[in-house]
Amino acid sequence: MITGSGSGKIKSEIKTEIECPNCKEKGYLELIISRWHFHVFWIPVFPFWKYGKGKCNFCNFKFLGKDKKISDEIKYELSVMKSKAKGPIWQFSGLFIGVFLLIMLFTLRGEFKDEYANYIENPKVGDVYNYRKENLKYSTIKVMEIRKDTLVVKYNLFSVEDIFDMDDITDDINYSFDNYIMTHKEIRQLFQENVIYAVDRNNFIKSEKEPIEYEKEN
Ligand SMILES: [Zn+2]
C-alpha cells in the first residue's frame, strides 16, 4: 500500500486508582490516547483526530473510550489526557520532508534559471540549448559561432521523449551537417517562453573535436 492510515499512541498512563470495567481489579488499568494519521509510502503526513482507549493489564480486556459501557470516571480521565496530549512530531514528518523538498526544488530551479539566463545573454561557442519540441519531445541546439546579432547553430537530428535521456543524443555526430542562423532575440524569446529550458556549457570538454571556424560576417 502506498497510502493509508494508521494510528499512533501519543500518551499512556496506568490509572492505579480506577478499577477494570471487566475484572474489577485495581492497579492494572492503562488509559491510552492515540491519534490517526494518513501516510504516504509509510511516511506519516497528516495527523487527524485523537481518541481514547484503554486496556486492563491483568485480564487483558480492551475497550474504546467512546464505548457506552465505559464509566464516566474513565471517560473523564481520558478527556483530561486527550486535552493534554500533543502527540509525537513524527506524525508530521512527511509534511516536513515534503515542504523541505519543495523549498530545495524551487531554490535550485531559481539558481539554475539565473545561470541559464546568464548563458543566454552571454553565449559561448559549444553551448547546448535543451529545448522542448512541439511533439512533446526534447532535443538540443548547439552554438557553433557567435556573431553580432546572430548565432550560427546546428540542430540535433534526434530527440528524446524523456527529458532525462538527453545525454543519449548529445554526441556531435547527431547534429545537422548544415548550419542555421538564429538571432539573439529569437534565442532570448525561446528561453523566456521556456521552450529552451536549460543550457549546457562545457560540453566541448567532452568532445575531442574543435569547434569549426566560420567566416566572420562583414
Ligand atoms: Zn481487568
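Nothing in this text is a laboratory measurement; each read-out follows from the coordinates by a stated rule. The structure displayed is predicted, hence computed values, not measured ones. FYI the Cβ positions are ideal-geometry reconstructions off the backbone, even for glycines, and counts take in every protein chain you see.
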Inset, instruction - Would you mind ranking 30, 145, 134 so that the residue whose beta carbon has the fewest other beta carbons within 10 Å leads the list? - result: 134, 30, 145
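Find how much the distance from residue 163 to residue 146 grows on full extension, using 0.36 nm per residue of separation minus their present alpha carbon separation; answer in nm with one decimal. Walk me through the intermediate numbers first.
Values: separation 17, 0.36 × 17 = 6.12 nm, distance 2.69 nm.
Between residue 163 and residue 146, full extension yields an extra 3.4 nm.
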Legend entry - Within the chain: Cβ-based charge dipole about Cα centre, in debye rounded to nearest 20 (Lys, Arg +1; Asp, Glu -1): 2180 debye
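Please list the helices of the chain that count as membrane-span-like by this rule: a mean Kyte-Doolittle hydropathy of at least -1.0 together with Cα atoms stretching 24 Å or more along the helix axis, each helix being a complete DSSP H run. Can you show the working numbers first?
Values: long enough: 93-121 (42 Å, 0.70).
Helices meeting the criterion: 93-121.
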Legend entry - Cβ-based exposure ranking for 7, 176, in which fewest neighbours within 10 Å come first: 176, 7
Inset, instruction - Among 170, 107, 150, 140, rank each residue by its count of other Cβ atoms within 10 Å, from fewest to most, as a rough exposure measure. - result: 107, 150, 170, 140
Legend entry - Pair residue 102, residue 26: separation of 7 Å Cα→Cβ label points (nm): 5.3 nm
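As a test of the formula, what do you get for the chain when each DSSP H run with n ≥ 4 contributes -39,500 (n - 2.57) and the sum is divided by the residue count, at 222 nm and rounded to the nearest 500 deg cm²/dmol?
Numbers: 4 runs with 55 residues, N = 218.
Taken over the chain, the calculation gives -8000 deg cm²/dmol.
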Inset, instruction - Quickly rank 52-62, 177-187 as a protection proxy: mean count of other C-beta atoms within 10 Å, highest first. - result: 52-62, 177-187
Inset, instruction - Specify the inter-centroid distance of the range 1-60 and the range 140-206, based on alpha-carbon positions, in whole Å. - result: 61 Å
